[in-house]
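This report refers to the structure that appears directly beneath it.
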Amino acid sequence: MSHDHDVVLRPTTAQTEAALNPPPGRTGGDLVVETLQGLGATTVFGLPGQHALGMFDALRRSSLSYVGLRVENNTGFAADAYGRITGEVAPLLLSTGPGALTSLAALQEAAAGSSPVLAIGSQVPVAGLGGGRHGYLHELRDQQASFRDVVKSVHTVRTASQIPSAIAAAWESALTAPHGPVWVEIPQDVLLAATSLPVVTAMDATPDEVVPRPELTAVAADLLSRAERPAIIAGGGVVRSDASGKLRALAELVQAPVVTTFGGKGAFPWEHPLSLQSWLEDRHTTDFLEDADVLLVVGSGLGELSSNYHTFKPRGRVIQIEADAGKLESNHPALGIHADARLALSALLETIESPREDPSAPERVAAVLAKVRERIAAQDLGLEQQVLAAVRAALPDAAPSFWDMTILAYWAWSAFDARRPNTMHSAQGAGGLGYGFPAAIGAAMADPSQPVLAVSGDGGAMYSIAELATARQYDAPVTWLIVDDGGYGILREYMSDAFGEATATELARPDFVALAESFGVPGVRSSPETLRDDLTKALAEPGPSVVVLPALLRMFAPTHLEGSGPAGA
């Protein structure tokens, strides 16, 4: 076999000299930060702990910008948002045991939201590995086992020379479609030990693209070309692959109405004549999608929230484009195409030979939206719509927003016009509380030129109060809207509807305005009538701010089958 095509990169004289004479005082921790720099990282998130100090000491000898939050879970949420906004890997440095485990809920959200978070955690010294119960501080029998069910891949290090390769492999895994969190763990003594290894230089961990198979593209193109009533469900994969332009082009080519999932907000223009918007929790939308003779699902697994709580039963042919092979046909039989959404939509656009004419499509879309509006209008929910409209009016189009699991966010999933792709994010993937504010801080670190909005209820806000100090420390341009209804409002509503009475939902809480001001963060108490102006002013000012809205909001009536219930808390 000939190897003439192989390319061997030979070091220059300067590189050889630097490799033979590395600077003194370096440790395994330096190999970590050098590898991150070599892979292209510029910012790292973290929270130091005893076993991880080797990594944190090495940061001062690097060019990496460090962002430290006050709780590991919040630190993970911030890294998640940084990854979503930039599309780049977000390194997350953690300590052993309690520090590592506290990040798990955030890593679950990153997994559900396909965010490329590279978590690097320390471990007990090598001598304590293997479940021998030596009694080291933070010791677990098998720390990585706690992460295997959450992250995409686990990478373990036992010697210094393994560090660059392990981190590069994890980096590639995090960026392979679908993006997701990964876990690397390195023992304390490996991080602290002096090393004479050369300084890590540029490394390549570029993942392979997930390209659609041409025979599947041909079948899908034929089905869409011949369809009488095509429709499209666009999920988060469209946003993550930057495919919204191609989605619009395809929808217009075949005259297919488009509904975006809650994770796909902004993937399709809200006011477009073919836009069904995001009313997935509405039976009128569900009926319309069920009536499609060809349904194209792009970048979605049609999970609980995207299927009107699994009441959606398509009657026509389903084409599913999904970068996560495990989600193909996981809920409905389909022509499954394992591919990145952008590449698959490009292939369809190139394969479909002529546009499909259907002047009735916009009329049918308008009829569905009119029925949705009529249903909502009959429920006396003017306050909720007023509040959501105030938020939309105050928020600049390009400004990202991050929504906690709270009633206003549940409204926003269906009724909020994100206006641009990759600007509206929520914790609807895993559904944990406390996401909004720390995630907004992470987004501000990704792009400090834009104001960022965080939305929480008072219950969820209490998970993140400590990060007011973080926002002040970094002067992050984050405005935090806290809707204060005195408890876990959505759970109060669920329990009252299901059992006639709510239990364990009422909360004592602080004066959020005074609390924010004690951190040096300006706060204001708002009202539905003044909310637009208060938010506009807060978002226009530099640095962090808090706007508190005392309000008891209600959800619109569900349309899924009686006996099943909405997810979230």
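The values are calculated or read from the model by the stated rules, or taken from the named source; none is laboratory data. Nothing here was measured: the structure is a model prediction, and the numbers come from that model. All Cβ positions, glycine included, derive from the backbone under ideal geometry; neighbour counts span all protein chains shown. Each accessible area value is taken on the protein alone, full model and side chains, heavy atoms only, with ligands, DNA and RNA left out. Shrake-Rupley method; radii C 1.70, N 1.55, O 1.52, S 1.80 Å.
Cβ under 13 Å from G520's Cβ, G520 left aside: what net charge do those residues give with Lys, Arg +1 and Asp, Glu -1?
-1
Cα centroids of the stretch 264-338 and the stretch 439-508: how far apart, whole angstrom?
Using only Cα atoms, the two centres lie 30 Å from each other.
Mind checking the angle between helix 436-446 and the chain's longest principal axis? C-alpha axes, 0 to 90 degrees, to the nearest 10.
So the helix axis and the longest Cα principal axis differ by about 60 degrees.
Would you check the accessible area of V372, probe 1.4 Å, heavy atoms only, in square angstrom rounded to 10?
The accessible area of V372 comes to roughly 0 Å².
Would you work out what percent of the accessible area of the stretch 434-520, with all protein chains in place, is carbon or sulfur (probe 1.4 Å)? Display every interim value, and only then the final one.
On the way: 1720 of 3220 Å².
Roughly 53 percent of what the probe reaches on the stretch 434-520 is carbon or sulfur.
How charged is the neighbourhood of I407? Take every other residue with its Cβ under 11 Å from the Cβ of I407, and add Lys/Arg as +1 and Asp/Glu as -1.
Numbers: positive: R492, R554; negative: E384, D404, D485, E493.
Value of the local net charge: -2.
Which whole-Hz couplings ³J(HN,Hα) result when phi for each residue of the stretch 161-168 is put into the Karplus expression 6.51 cos²θ - 1.76 cosθ + 1.60, θ = phi - 60°, listed in order with x for Gly and Pro?
5, 7, 4, x, 5, 5, 5, 5
Give the relative contact order (percent, whole number) for the stretch 37-173; include only Cα pairs under 8 Å separated by 6+ residues. Working shown, then result.
Numbers: 213 pairs, mean separation 29.9, N = 137.
That works out to 22 percent.
Evaluate the relative contact order of the stretch 146-190 (contact order divided by residue number), counting alpha-carbon pairs under 8 angstrom at least 6 apart; express in whole percent.
Values: 56 pairs, mean separation 21.3, N = 45.
Computed over the stretch 146-190, the figure is 47 percent.
Which loop GluC sites (Glu not before Pro) in the stretch 342-431, with loop taken from DSSP, have no more than 16 other Cβ atoms within 10 angstrom of their Cβ?
Details: sites: E350, E353, E357, E363, E374, E384; in loops: E353, E357.
Sites meeting the loop and neighbour criteria: E353, E357.
Defining a contact as two alpha carbons under 8 Å apart and six or more residues distant in sequence, what relative contact order in percent does the chain show? Intermediate results must be reported in sequence, preceding the final value.
Details: 1271 pairs, mean separation 71.6, N = 569.
Taking the mean separation of contacting Cα pairs over the length of the chain, I get 13 percent.
Work through the residues other than H338 whose Cβ is under 15 Å from its Cβ and net out their charges, Lys, Arg +1 and Asp, Glu -1.
Numbers: positive: R213, K327, R342; negative: D208, E209, E215, E322, D324, E329, D340.
Local net charge: -4.
At 1.4 Å probe radius, can you tell me the per residue accessible area of the chain in Å²? Walk me through the intermediate numbers first.
Values: 22850 Å² over 569 residues.
Heavy-atom SASA per residue in the chain reads 40 Å².
Considering the Cα positions of the stretch 415-569, please state its Rg to one decimal place and its Dmax as a whole number of Å.
In order Rg, Dmax, the Cα atoms of the stretch 415-569 give 16.2, 48 Å.
M462: accessible area at probe 1.4 Å, nearest 10 Å²?
Counting only protein heavy atoms, M462 exposes about 90 Å² to solvent.
Which of K265/K371; K152/K313; K313/K371; K246/K327 have a Cα-Cα distance over 27 Å? Let's see the in-between values first.
Values: K265/K371 21 Å; K152/K313 30 Å; K313/K371 20 Å; K246/K327 22 Å.
Going by Cα-Cα distance, K152/K313 fall outside the 27 Å limit.
Tell me the accessible surface of V44 in square angstrom (1.4 angstrom probe, heavy atoms of protein chains only), to the nearest ten.
Accessible area of V44: about 0 Å².
Cα axis of helix 28-39 to longest principal axis of the chain: angle in degrees, 0 to 90, nearest 10?
Tilt relative to the chain: about 50 degrees.
Calculate, in nm to one decimal, what H134 and R554 gain on full extension: separation in residues at 0.36 nm each, minus their alpha carbon distance. Could you put the intermediate results ahead of the total?
Values: separation 420, 0.36 × 420 = 151.20 nm, distance 5.34 nm.
This chain segment gains 145.9 nm when fully extended.
Note down the nm distance, to one decimal, between modelled labels 7 Å out along Cα→Cβ at E529 and at S354.
Result for the modelled spin labels: 6.2 nm.
Ordering L276, L369, L515 from largest to smallest accessible area (1.4 angstrom probe), what's the sequence? Please report the intermediate quantities before stating the final value.
Working: L276 0, L369 20, L515 45 Å².
In descending accessible area the options line up as L515, L369, L276.
How large is the helix-only mean residue ellipticity at 222 nm for the chain, computed as the sum of -39500 (n - 2.57) over DSSP H runs with n ≥ 4, divided by its residue count, in deg cm²/dmol to the nearest 500?
Working: 23 runs with 215 residues, N = 569.
Value at 222 nm, helices only: -11000 deg cm²/dmol.
Which distance in Å, rounded to a whole number, links the C-alpha centroids of the stretch 342-405 and the stretch 244-262?
Comparing the Cα centres of the stretch 342-405 and the stretch 244-262, I get a distance of 11 Å.
Please report the spacing between the Cα centers of the stretch 142-204 and the stretch 210-234 in Å, no decimals.
About 39 Å separates the Cα centre of the stretch 142-204 from the one of the stretch 210-234.
By how many degrees, between 0 and 90 and to the nearest 10, does the Cα long axis of helix 244-254 differ from the longest principal axis of the chain?
Between helix and principal axis, roughly 40 degrees.
Taking each pair of different alpha-carbon atoms in the stretch 65-209 once, compute 1/r for the pair, average those values, and report the inverse of that mean as the Kirkwood hydrodynamic radius in Å to one decimal. Mind showing how you got there, number by number?
Details: mean 1/r = 0.0647 Å⁻¹.
One over the average 1/r among Cα pairs gives 15.5 Å for the stretch 65-209.
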